[in-house]
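Input: a single structure, listed below in structure tokens.
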Amino acid sequence: MNDRYTELLERLRGVIDGSGEAAARLEAVCALLAEGIDHFDWVGFYLVSPDEPDTLVLGPYVGEPTEHTRIAFGAGVCGRAALERATIEVPDVRAESNYLSCSLAVRAEIVLPLHHDGEFVGELDIDSHSPDPFTPDDRALLDALARLCGPPATAAR
Ligand code: SME
């Protein structure tokens, strides 16, 4: 990763390891990513619902409000990542059939699963208004970040 991304990851780590409510720390993570990387236009967390089986619930986010506040496992990119427990990158959302649109401005999306003690606890979801925008540095940063976010995601549920 280049120096700017390494520095951003350290700031993200500081927020996650810092004090404060878990939800506030996750929201600060969203804000750092959205401010720090131009092509990250919507950044948010979906958390596994503690009450409903196989359902994701919208958690802290930064960006336009979305109608997709609850997503069943299997539905859309987020629901598919929940079933597969794998990162899904969609470079062109217009070419994706299983996709839940939040805004016509969105052109690409990446979703990373979050785990805590081996349990799937939520996801980090990023939308971009640019087509095919995600770089190897983006993916390296997000992979490292996803490994840090499991405990606060669990606490925020
Ligand atoms: N596009 C997502 C829905 C969530 S929004 O991007 C905020 C999907 O297809 O699951």
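The values are calculated or read from the model by the stated rules, or taken from the named source; none is laboratory data. Model, not experiment: these values are computed from the prediction. All Cβ positions, even for glycine, are placed from backbone atoms using ideal geometry, and neighbour counts span all protein chains on display. For accessibility, only protein heavy atoms count, side chains too; no ligands or nucleic acids. Shrake-Rupley method; radii C 1.70, N 1.55, O 1.52, S 1.80 Å.
Remark: the range 2-19, residue by residue, has Karplus-estimated 3J(HN,Hα) of 6, 4, 5, 6, 4, 5, 5, 4, 5, 5, 5, 4, x, 5, 5, 7, x, 8 Hz, where x stands for each Gly or Pro and the curve is 6.51 cos²θ - 1.76 cosθ + 1.60 at θ = phi - 60°. Per residue, the accessible area of the chain comes to 47 Å², computed with a 1.4 Å probe over protein heavy atoms only. A simple spin-label model places pseudo-atoms 7 Å from Cα toward Cβ; at LEU83 and ARG139 they are separated by 2.3 nm.
Charge tally for ALA156 (other residues, Cβ to Cβ under 12 Å; Lys, Arg +1; Asp, Glu -1): 0.
Beyond 27 Å, what share of the Cα-Cα pairs of the chain remains, rounded to the nearest whole percent? Tail of P(r) above 27 Å: 14 percent of Cα pairs. Full extension of the chain segment joining THR69 with SER103 gains 10.8 nm, where the gain is 0.36 nm per residue of separation less the Cα-Cα distance. Just the protein heavy atoms count here, and of the accessible area of the chain at 1.4 Å, carbon and sulfur take up 48 percent.
Its relative contact order, with pairs defined as Cα atoms under 8 Å and 6+ residues apart, puts the chain at 26 percent.
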